[in-house]
Amino acid sequence: NVLLKIHIYCFFNGIQSSRKQERECSRNIELIWLTGNLKPDYSTLANFCKNNSTAIKNVFKSFSELCQSLNLYDFKIFAFDGTKIKANCSKKHAYTLDNLSVALINIDKKINEYISKIDEDNSSIDVVQKAEFQKKLDLIKNRKVKYTALKEKMERENLKEYCSTDPECKVMKNHSNIEPCYNVQSVVDSKNKLIVDYDVTNQANDIGLLKPMSDKLFKDYDMNKFLKDNPGHIITELADAGYYKSSDLLDLNTKNTKALVPKPKTTSASGEHDFSKSAFTFMPDENVYICPNHKKLTFSRKSKEKRNGKTNTYNIYTGSSCTACPFIDKCTKSINGRSIKRNVLEDQLANIDDEYKSDKSYYKLRKALVEHPFGTVKRSLGLTHVFIKGLKRVKSWASSVFLAYNLKRVINILGTTKLIEAINAK
């Protein structure tokens, strides 16, 4: 109980290092009062977090249940977002197959260079220098053995990248840096901007994470029962374009829920003519596409694609006059001309996109709801990276971070006295 108090207090004040926590227990008057002048050492504090990951996550769950009983959630609008948190792993210990191949080539060059210097009959190089070259040669040979073994392991296990310090993290783009990270997801309720759910993944982007996060939210709060008990209640889920996945949107837009995600802008070659798919106009009455050169692409055939256990059906449209078009080189690389793939449920996706575009407040609301907590956590609390390793423990870390954020919010909303009364009543 005392260790949990220390853990929550320290995250509430942005102190995640167990050694710093140990020092605070001896010098911080608030912690001295809170612990009854107990002073656990850093290893005890670290082992507490390590051995109680599940229990620590349940603390966030219990506090969320308290917030729900206090009507701090209204379950009307949820905003989803993710942020990259730097893992406890140096970039020097993050490897890819390509980087290892280049490193091994450079190592071979260095080995040949040192061997040449050692064997060279040159009076300007004394015994001491040759001994130094031999020492460097031995070190670089050991590095070659290490890199070769690591490359063989990655090829054998079909790994594209590997972080030796924390194998469960992945190299991701984090602002302007490329570094080992975890992708932390959060869901924020619109009523009081409280984080209602979270997760941590090592997926480098957010594509395809909207439905799993929505499913987790529905499971954690038994939302199906809530909707059954509240007929006519509509849940709106907002996310940015990084989450856009057509199958997710089609699954999530039901009678009682609607997911609104802006369609990503398609990139096209710069210049006078744009031949990206968005530049082609679909004419539903004729069931044709009109290309930027005012030619028709007519229905050709149906196509089915299976991804992640789900089959999608598409209509394929092709042009009959593409080979004579002066822009064919800019439009397509196929010698048979341009073809466009259209989901048979594209009209539903277009309606979702139109609804998002019709109300600009959705864009501003999503940003105000879900980006503010991440800013608070990183700037105010200083929790920009983790000191622990492994996906399971990082999930526990995220629960502590979001518990600290929610605790601060609820204190600001209700006040300390009312919150204590609610906790004691429960």
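Details
- Sole residue being of a type outside the set (S, T, N, Q), in contact with a helix residue (DSSP H, G or I) (Cβ under 9 Å, 6 or more places away or on another chain) and under 30 Å from residue 189 (Cα atoms), chosen from 66, 100: 66
- Top-ranked residue in region 152-191 [being of a type in the set (Lys, Arg) and in contact with a strand residue (DSSP E or B) (Cβ under 8 Å, 6 or more places away or on another chain); ranked as most open to solvent (accessible area, probe 1.4 Å)]: 160
For every residue, the table says whether it meets (1) under 30 Å from residue 187 (Cβ atoms); (2) part of a strand (DSSP E or B).
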residue: 292; (1), (2): no, no
residue: 297; (1), (2): no, yes
residue: 302; (1), (2): no, yes
residue: 312; (1), (2): yes, yes
residue: 323; (1), (2): no, no
residue: 347; (1), (2): yes, no
residue: 351; (1), (2): yes, no
residue: 354; (1), (2): yes, no
residue: 370; (1), (2): yes, no
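- Output for region 137-183, where each listed residue is in contact (Cβ under 8 Å) with a residue 24 or more places away in the chain and over 27 Å from the mean Cα position of the chain (by Cα): 137, 140, 141, 143, 144, 147, 148
- Residues of region 19-46 classified as free of Cβ contacts under 8 Å to residues at least 40 places away in the same chain, in a helix (DSSP H, G or I) and surrounded by 16 or more Cβ atoms within 10 Å (Cβ to Cβ), total: 8
Yes/no matrix, rows are residues, columns are (1) among the polar types (S, T, N, Q); (2) in a helix (DSSP H, G or I); (3) open to solvent by less than 70 Å² (accessible area, probe 1.4 Å):
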site: 64; (1), (2), (3): yes, yes, yes
site: 81; (1), (2), (3): no, no, yes
site: 100; (1), (2), (3): no, yes, yes
site: 104; (1), (2), (3): no, yes, yes
site: 118; (1), (2), (3): no, yes, yes
site: 143; (1), (2), (3): no, yes, no
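- Taken over region 3-18, the criterion of being of a type in the set (Val, Ile, Thr) and in a loop (DSSP other than H, G, I, E, B) is satisfied by 15 alone.
- The residues of region 296-317 that are over 24 Å from residue 285 (Cα atoms), of a type outside the set (S, T, N, Q) and open to solvent by 90 Å² or more (accessible area, probe 1.4 Å), listed by number, are 306, 307.
- Close Cβ contacts (under 9 Å, 6 or more residues apart or on different chains) running from residues in region 103-121 that are over 16 Å from residue 131 (Cβ atoms) to residues that are of a type in the set (S, T, N, Q) comprise 104/148.
- Candidate set: region 275-290, residues that are surrounded by 15 or more Cβ atoms within 10 Å (Cβ to Cβ) and in a loop (DSSP other than H, G, I, E, B); chosen: the one modelled with the lowest pLDDT: 275
- Every listed requirement among (1) touching a Phe, Trp or Tyr at 6+ places or on another chain (Cβ under 8 Å); (2) under 24 Å from residue 240 (Cβ atoms) is met by residue 388 save one, (2).
- Residue match in region 227-250 (condition: among the polar types (S, T, N, Q) and at pLDDT below 90): yes
- Residue, nearest to residue 77 (Cα to Cα), within region 203-213, restricted to residues that are of a type outside the set (A, V, I, L, M) and surrounded by fewer than 19 Cβ atoms within 10 Å (Cβ to Cβ): 211
- Test set (1) within 27 Å of the chain's Cα centre (by Cα); (2) open to solvent by less than 40 Å² (accessible area, probe 1.4 Å) - residue 12 fails condition number: (2)
- Candidates 399, 361, 320, filtered to the one that is surrounded by 18 or more Cβ atoms within 10 Å (Cβ to Cβ) and not β-branched (Val, Ile, Thr): 399
- Within region 372-396, being in a loop (DSSP other than H, G, I, E, B), of a type outside the set (Ser, Thr, Tyr) and open to solvent by less than 70 Å² (accessible area, probe 1.4 Å) holds for 381, 382, 383, 386, 388, 390.
- Conditions (1) without any contact (Cβ under 8 Å) to a residue 12 or more places away in the chain; (2) touching a Ser or Thr at 6+ places or on another chain (Cβ under 6 Å): number failed by residue 309: (2)
- Checked against the criterion of being surrounded by 11 or more Cβ atoms within 10 Å (Cβ to Cβ) and either more than 36 Å from the chain's Cα centre (by Cα) or among the basic types (Lys, Arg) (or both), the candidates 130, 109 yield just one match: 130.
The values are calculated or read from the model by the stated rules, or taken from the named source; none is laboratory data. As the structure is a computational prediction, the values presented were derived from the model and not from experiment. Quick reminder, even Gly has a Cβ in these numbers, built from the backbone with ideal geometry, and neighbours come from all protein chains shown. Note: accessible area is taken over every heavy atom of the protein model, side chains too, but ligands, DNA and RNA are not part of it. Shrake-Rupley method; radii C 1.70, N 1.55, O 1.52, S 1.80 Å.
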